[in-house]
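Step one of this worksheet: look at the structure below.
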């Protein structure tokens, strides 16, 4: 049975309302906790990296998996030991800097938990607006970090220790850069005035796209193959190899406009 557009909208709104009520039910203290953003970012990042750890492990024995690696000719996939060192490096920065700093920022936001879920259109528009805002400001900052030697040495160089990228390395950066990225994501949602459910989805998708960008695999089902305006893992891998282009985190329009796009 075909549904009209209004019926589809009502069905979507009903699903979102049920989801929001399940999220809110008895969870107000957690959702309003100033420690939630950093904890959510770290745990989500680990969860989303897990499939790529499995792929890296399979890459040692499976030719099909190795054929998906962008850097297939540069040696074996990152070792478990490298993943382990990266994990402790990221965890240390979260515990010592990211968690207290974002808790302070979140306490200034004073978010509210409305009873109503966003409409499907509102959810979509708010998530897209957050991504466009995040992508634009990160392009400016990333471009600056590569063009100003002091910024590169003191903030960004830590992230570029990995010429061959892997998923967990998406957050292997200096404390300053890692804090900037999380505060930029939180500020984007704040400026857009997102519904909390829209913000949850934005941070989840943002984490996935960052992981996929750094995973080192040009997978057949990757987002950049479905959405041609996304750069994806090949786009960002080229940045780590050549250093002087492809500065936007996700979309490619800013690099095209400023002549910094590298195919």
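Observations, loosely collected:
- Any hit, region 120-140, residues being more than 18 Å from residue 179 (Cβ to Cβ), at pLDDT 90 or above and not in a helix (DSSP H, G or I): no
- Restricting 235, 201 to those that are under 26 Å from residue 144 (Cβ atoms) and not assigned by TED's automatic domain parsing to the domain that holds residue 20 reduces the list to 235.
- Any hit, region 186-196, residues being in contact (Cβ under 8 Å) with a residue 12 or more places away in the chain and farther than 23 Å from residue 109 by Cβ: no
- Qualifying residue in region 145-166 (condition: under 26 Å from residue 191 (Cα atoms), in contact with a helix residue (DSSP H, G or I) (Cβ under 9 Å, 6 or more places away or on another chain), in contact (Cβ under 8 Å) with a residue 40 or more places away in the chain and assigned to a helix (DSSP H, G or I)): no
- Among the candidates 24, 69, residue that is touching a strand residue (DSSP E or B) at 6+ places or on another chain (Cβ under 8 Å), more than 18 Å from residue 182 (Cβ to Cβ) and touching a residue at least 60 places away in the same chain (Cβ under 8 Å): 69
- Residue 67 being at pLDDT 80 or above, more than 30 Å from residue 88 (Cβ to Cβ), assigned by TED's automatic domain parsing to the domain that holds residue 212 and surrounded by 11 or more Cβ atoms within 10 Å (Cβ to Cβ): yes
The values are calculated or read from the model by the stated rules, or taken from the named source; none is laboratory data. For clarity, every value in this text was computed on a predicted model and none was experimentally measured. Every residue, glycine among them, receives a Cβ derived from its backbone with ideal geometry; neighbour counts consider all protein chains shown.
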